[in-house]
Amino acid sequence: DAEITQSPRHKITETGRQVTLACHQTWNHNNMFWYRQDLGHGLRLIHYSYGVHDTNKGEVSDGYSVSRSNTEDLPLTLESAASSQTSVYFCASSEYRGSDTQYFGPGTRLTVL
Amino acid sequence: AQSVAQPEDQVNVAEGNPLTVKCTYSVSGNPYLFWYVQYPNRGLQFLLKYITGDNLVKGSYGFEAEFNKSQTSFHLKKPSALVSDSALYFCAVRDMNNNAGNMLTFGGGTRLMVKP
């Protein structure tokens, strides 16, 4: 069955370190998204991609970057981790733009000390 | 700009009773509306969506939602709650006229607690 996976599931890092969170989907979806989930804020969009070599900034993109070298993967990089980036991160994908449903991965819990 | 409000942080209901989780939205054009559910330590799962057509949308696990354009609401309902329905529920909206593509805006979430 097609799925979307994230790794690692849990990560503890120190302030200032570079961290990369992986997202891999086997749906062959063109669209991929990264969200962060924080109490009181719901999910907020960090970055998104509509296809290979396409990336776009979302609502809370400062301090994060993504690259899309193939259809299956959209890694999220924290260039210099900050305590404010402690959160749960979700990757999602969808087949079409517009009204299409997004499918979510299981999440990565990141703690920045 | 598009936005979603879920006015209740938590909804408590007894098993077997009907449940309602409220959602209101704001868009400049016509909305696409979604409900997702999140169980502990899991990602969000799609429940149902409204795109166009019948205002009453039926989804997974016996849930349904009613689109009300005049009240800009999309409340989630179920006639008879189960303990296993206890989870975090998110409403999301996308403005049909939004040229930024498939970008959803999520509400803050409502925790549903169903007690035996």
- Query: How do the strands (runs of 3 or more DSSP E) wholly within the stretch A:1-70 filter down when requiring 2 or more residues that are among the small types (Gly, Ala, Ser): which remain?
  - Reply: A:42-51
- Criterion violated by A:His24 - all others in (1) free of Cβ contacts under 8 Å to residues at least 60 places away in the same chain; (2) out of contact with any Lys or Arg (no Cβ under 9 Å at 6 or more places or on another chain); (3) closer than 23 Å to B:Leu88 by Cβ satisfied: (3)
- At least 3 residues that are under 12 Å from B:Thr105 (Cβ atoms) in each: list the strands (runs of 3 or more DSSP E) lying fully within the stretch B:1-46 that qualify. B:3-5, B:31-38
- Query: When you go through A:Leu39, A:Leu76 one by one, which is the residue that is over 26 Å from B:Tyr50 (Cα atoms), out of contact with any Asp or Glu (no Cβ under 9 Å at 6 or more places or on another chain) and modelled with pLDDT of 95 or more?
  - Reply: A:Leu76
- Is the stretch A:34-55 home to any residue that is of a type in the set (Gly, Ala, Ser), surrounded by 14 or more Cβ atoms within 10 Å (Cβ to Cβ) and away from every other protein chain (no Cβ under 14 Å)? no
- Would you mind stating whether B:Leu47 is over 27 Å from A:Glu95 (Cβ atoms) and within 16 Å of the chain's Cα centre (by Cα)? no
- For A:Ile46, are the conditions met, namely being within 13 Å of the chain's Cα centre (by Cα), of a type in the set (A, V, I, L, M) and within 14 Å of B:Leu104 (Cα to Cα)? yes
- Checked pairs for the stretch A:102-113, first over 18 Å from B:Met103 (Cβ atoms) and more than 9 Å from chain B (Cβ to nearest Cβ), second surrounded by 21 or more Cβ atoms within 10 Å (Cβ to Cβ) and charged (D, E, K, R), C-beta under 9 Å and 6 or more apart or across chains, list as A:Leu110/A:Arg36
- Message: Quick check on the stretch B:3-34: of everything there that is within 11 Å of chain A (Cβ to nearest Cβ) and crowded, with 20+ Cβ neighbours inside 10 Å, which residue is farthest from B:Phe90 (Cα to Cα)?
- Response: B:Pro31
- List, please: which pairs have Cβ atoms under 6 Å, are six or more places apart or on different chains, and start with a residue in the stretch B:76-89 that is polar (S, T, N, Q) and end with one that is in a strand (DSSP E or B) and surrounded by fewer than 19 Cβ atoms within 10 Å (Cβ to Cβ)? B:Ser86/B:Met113
- Only one of (1) closer than 18 Å to A:Phe104 by Cβ; (2) within 14 Å of chain B (Cβ to nearest Cβ) is not met by A:Ser61, so which one is it? (1)
- Message: The conditions are (1) modelled with pLDDT under 95; (2) small (Gly, Ala, Ser); (3) under 21 Å from B:Met113 (Cβ atoms), and B:Gly53 fails exactly one of them. Which is it?
- Response: (3)
- Task: Considering only residues that are assigned to a loop (DSSP other than H, G, I, E, B) and under 12 Å from the mean Cα position of the chain (by Cα), look in the stretch A:71-101 and name the one that is farthest from the other protein chains (Cβ to nearest Cβ).
- Result: A:Pro75
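The values are calculated or read from the model by the stated rules, or taken from the named source; none is laboratory data. Quick caveat, the model's predicted, so the values are computed rather than measured. Cβ sites come from the backbone with ideal geometry, for glycine too, and all protein chains shown count toward neighbours.
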